[in-house]
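A short write-up of the structure that comes next.
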Amino acid sequence: MESQMEGRKRARLTSPEGGDRMSELPDEILVSILSWLTLREAVGTSVLSKRWRYGVLLGDEYNRSQWGSKWVSGVLAQHRGPNVDEFRVCYDLDKACSSHIDRWIEFALSNRVHTVELCLSTRYTKPFPNRCYRLQRRVLGLSALGSSLKNSSSNMFVGFKSLKTLSLKAVKVDDEAIEYFLSNCPLLERLSLHLNFRLRNLKVVGRSLLLRHLEVVRCCRVKTIEICDTNLVSFTYAGKRPKTMLLKNAPKLVEVSINPDGSMLHARAIFLQLSCCLSQLENLQLTVYHSELERLRNYMLPELKNLKQFVLIVERWRNHSLLGFLVMIRNWPNLERLVLRLRYNGRHRHGSFRDAPRANMREAARYCHPCLKVVEIAGYCNTCDFELFKHIIEIVVILEKIIIDTRNPNPYSDSDSENEDGYRELQNDEEQQLRTLVSPGVEFVILKS
């Protein structure tokens, strides 16, 4: 009886032609099944099918807390399957694992990878610079000869020709290595550098570059950024203002995100350096701190006639009003979507209500925006925000949709009704009060936790 049941099981796993049915499964289904397993269990599936022996490598997004560097290196060493499209490592690793990380990068590049993501710090806090992994030149097939570089193994690293996305977080890479990536990755479209403590001077120059998206985030030692004659579409910068930021002749640049450590003075200086492309911007994101809100009112951002979407991220006191900010949108006559993401600083949650200057209030009240269609307020929770909501309803002529997100915008906070961040969830009577202000033809969405 048992032998008959075993025979039926084997029959179900084979096709009528005698082949292996499990090997015929599409990659999408294979990866979906493996994603529910631990790494050890996924590797164990190799006994089920010859093709599954390599299927474990199709799902490169394993972010398991129990997988070890030695184990991963061993699995990659046994890889005999097809080329790897994406290779991602998202785990807290430092220079103690350098030899393993080196092998992983070599593995990815030698398998004609399209996407490489090394996120070696998943913590909310900044990692220690002296403990971060450093990408050695020899891993890239480079050897230093004086101040120049020589490609010592170009035949081995065929992956450079296929690489489209490169994202490095908490990885120390020097200027020459970045320049090498830009010069030798003809298909590279997206470059993201986060927490790079060796970057000093970044140059993105030349029409021959296919690069479309550039991110430079918290690279605290960067001194100069030069972007000239490029095809960039989006540029993100977060951190202290570099000594020199030169941007010119980037006609396709339409999306910019600036987080100058919350300082409007630094933001204004950066905007001046980006003056050549401001008139063509369609999407703009700006992050400031609560202490800079007065400057945000006083330092008017420049006129942006093509701007379609503006995202303002504010860390503020809960009693701080944003009404004065609305004066600024008069400089953006074609703005269609306005997003306000409000975060709260509990250390200053007590104090008197701080409203906008009366001059700004009167000026804002006289202005009606002709094109604004969608408004989103994330982190809505207090009296200041009600006044802001009410005023937006009054000045927007053709409003189509308004979204109020009452969920706690601080992911590291407690979920109490009013926690140490000063956050308080919207009550039912307050919700009803909001709904009475919205015209019947406007779509009104409230997101709750």
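The values are calculated or read from the model by the stated rules, or taken from the named source; none is laboratory data. Since this is a predicted model, take the numbers as computed values, not measurements. Here the Cβ positions follow ideal geometry from the backbone for every residue, glycine too, while neighbour counts run over all protein chains shown. Protein only, heavy atoms only, side chains kept; ligands, DNA and RNA dropped before computing areas. Shrake-Rupley method; radii C 1.70, N 1.55, O 1.52, S 1.80 Å.
Among the residues of segment 95-105, are any touching a Ser or Thr at 6+ places or on another chain (Cβ under 9 Å), part of a strand (DSSP E or B), farther than 25 Å from Pro186 by Cβ and open to solvent by 30 Å² or more (accessible area, probe 1.4 Å)? So far as segment 95-105 goes, no, none of its residues is touching a Ser or Thr at 6+ places or on another chain (Cβ under 9 Å), part of a strand (DSSP E or B), farther than 25 Å from Pro186 by Cβ and open to solvent by 30 Å² or more (accessible area, probe 1.4 Å).
Taking strands (runs of 3 or more DSSP E) as the structural unit, those lying wholly within segment 228-276 and holding at least 2 residues that are closer than 20 Å to Leu312 by Cα and modelled with pLDDT of 90 or more correspond to 234-238, 255-259. Filtering segment 435-449 to residues that are part of a helix (DSSP H, G or I), among the hydroxyl-bearing types (Ser, Thr, Tyr) and touching a residue at least 12 places away in the same chain (Cβ under 8 Å) leaves nothing.
Against the definition (touching a residue at least 24 places away in the same chain (Cβ under 8 Å) and buried (at least 20 other Cβ atoms within 10 Å of the Cβ)), how does Val256 come out, yes or no? When the stated conditions are applied, Val256 passes them.
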